[in-house]
Amino acid sequence: MPETNINTPRSNKSAVINMCRIVSRFGTEESYALAGLNLVQSIKAIELYEDIFTASMTGTATFKDSSSLSTLFRLDGTEDLHLIFSVFNPETQQFRTYGSETQPLVFTMYAQNHRTRITAGSERFEVKLVSAELYGAGEYKISKTYKNQFIEDIIQDIMKNGLNSNKKFSFVEKTKTPITMTIPFLTPIQAIKLLCMHGQSETQETNYLFFETLDGFQFRSIRSIIEESLNKNIPTISQTLAGTRTGRDTEKLINADEIEISAGYDSLYAMTHGFFASTTYALDILSGTCKKDVTRISDDQYKNKKLINGKYLSEATPIYPYRYGNMVNPTSKLFLIPTTENTVKTFGIKDPRIHDNMIAKTLDGRNRELISLQLRTIRAIVSGAPELNAGKIVNIIYPPTIGAGGTKVDDIANGKYMIISSKHSILNNGHGEFLYETVFEAGTDSNAVSKRT
């Protein structure tokens, strides 16, 4: 813990950068000498981005440089940024530290922007960051057959042996059955995306995600995120305005500097993105035939999905198109070259050891879930909250309005949201101290369709 060298105020915005170094893989003697320097005092801002649809964290770092870093370092993808930082939690009166001396957070600096001379002896520049694993992911191709293995084990093997990553997995969701799959000369990230499409849980959920947060990698389904939130306390976030109260003073609230709400339903977007059905055209090279597989998730089946607020869709006002009755649903088309069967009789019949990949069904359910999360979205700015990671469920209490006669009205935007992306910012306040801020974007499938109570 960094308490021994912390001089910042114990506020919910306090952050400490314990170590920041640039490590050159190819450089001059001067650059190697500078690699041992702690560049904390040169940092203007560090911003790290998480997203449930991105396999790895990305970010930017802005430096005010008086050590000739731009002159001595190439800053073109051949250097890594090693980072350790801590954020103060006023509730526990403790700092939570990310990274360590033996295993710091490592980001590759792949580009430099906005290099500007400030004085004769100093300049300012920005570097773009990406987790070292993702930066090197294109250098390596996988051409390998995994026999009778679970998808989560294959993914962890790819990260360890394909990308030489020693980062931990903070959450791994078990899949239902082992698979046999040949990965045909794909990059590790391409292979992982393909594996996510094949994932199926014990309850036959198929919407698996692979992404990275400050806590580590995660392989899990959207359903597991929802189910986990129903069994535990989740952060409650509100915005305190002059002359307003949440009416829930007994709860431990995280105060947001700003909460922004947007809502709407774009039926054209939903139809063109296959919200209602998927058509798979499986091309068999050996036989020259084309097998068409149309998968439609009926509304009767889909309305039994559990929502973020814990209710089922059948308990709420149904979403389009169910409320408009029966209609012909549009389809999206997916073309595949199947590896699970061939129709040439001389080569035999389908191998019974190979399971159907269910990709059409996977895409159908995935598109419905993801588009339903866009019915109502929020963007919130919170001070000192690194725990608000991508993939977390949060409870939002929007500042109430006062109706006629002074009657308080609960906003329809209140409720549970899933964080889709987070930006964690460490900002130099100009006095040798750092402030921490989290900006996150979240969506819900519940509030726009729930009955008012």
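Some points to look at:
- Positions within segment 99-121 being more than 30 Å from Phe185 (Cβ to Cβ) and in contact with a strand residue (DSSP E or B) (Cβ under 6 Å, 6 or more places away or on another chain), in sequence order: Gly99, Pro104, Leu105, Gln112, Asn113, His114, Arg115, Thr116, Arg117, Ile118
- Of the candidates Glu101, Glu30, the single residue that is at pLDDT below 90 and in contact with a helix residue (DSSP H, G or I) (Cβ under 7 Å, 6 or more places away or on another chain) is Glu30.
- Residue match in segment 1-11 (condition: surrounded by 13 or more Cβ atoms within 10 Å (Cβ to Cβ), touching a strand residue (DSSP E or B) at 6+ places or on another chain (Cβ under 9 Å) and modelled with pLDDT of 55 or more): no
Matching residues to (1) free of Cβ contacts under 8 Å to residues at least 40 places away in the same chain; (2) crowded, with 16+ Cβ neighbours inside 10 Å; (3) on the phi < 0 side of the Ramachandran plot; (4) not basic (Lys, Arg):
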site	(1), (2), (3), (4)
Glu202	yes, no, yes, yes
Asn207	no, yes, yes, yes
Phe210	no, yes, yes, yes
Asp215	no, yes, yes, yes
Gln218	no, yes, yes, yes
Ile222	no, yes, yes, yes
Ile225	no, yes, yes, yes
Leu230	no, no, yes, yes
Asn233	yes, no, yes, yes
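- The one condition in (1) among the small types (Gly, Ala, Ser); (2) within 30 Å of Cys20 (Cβ to Cβ); (3) at pLDDT 90 or above that Gly136 fails to fulfil: (3)
- Arg96 meets each of the listed conditions (1) over 22 Å from Leu435 (Cβ atoms); (2) assigned to a strand (DSSP E or B); (3) at pLDDT below 90 apart from (1).
- If you go through segment 144-190 and pick out every residue that is among the small types (Gly, Ala, Ser), modelled with pLDDT under 90 and either touching a Ser or Thr at 6+ places or on another chain (Cβ under 6 Å) or surrounded by fewer than 17 Cβ atoms within 10 Å (Cβ to Cβ) (or both), you end up with 0.
- Residue match in segment 92-107 (condition: without any contact (Cβ under 8 Å) to a residue 12 or more places away in the chain, out of contact with any Cys (no Cβ under 6 Å at 6 or more places or on another chain) and charged (D, E, K, R)): no
- Restricting segment 136-158 to residues that are of a type outside the set (Gly, Ala, Ser) and in contact with a Phe, Trp or Tyr (Cβ under 6 Å, 6 or more places away or on another chain) leaves a set whose member that is farthest from Phe171 (Cα to Cα) is Lys141.
- Among (1) out of contact with any helix residue (DSSP H, G or I) (no Cβ under 8 Å at 6 or more places or on another chain); (2) within 25 Å of Pro386 (Cα to Cα), the one test that Asp153 misses: (2)
The values are calculated or read from the model by the stated rules, or taken from the named source; none is laboratory data. It should be emphasised that the depicted structure is a prediction, and the values quoted were computed from it without experimental measurement. In this analysis, Cβ positions are derived from the backbone assuming ideal geometry, glycine residues included, and neighbour counts consider all displayed protein chains.
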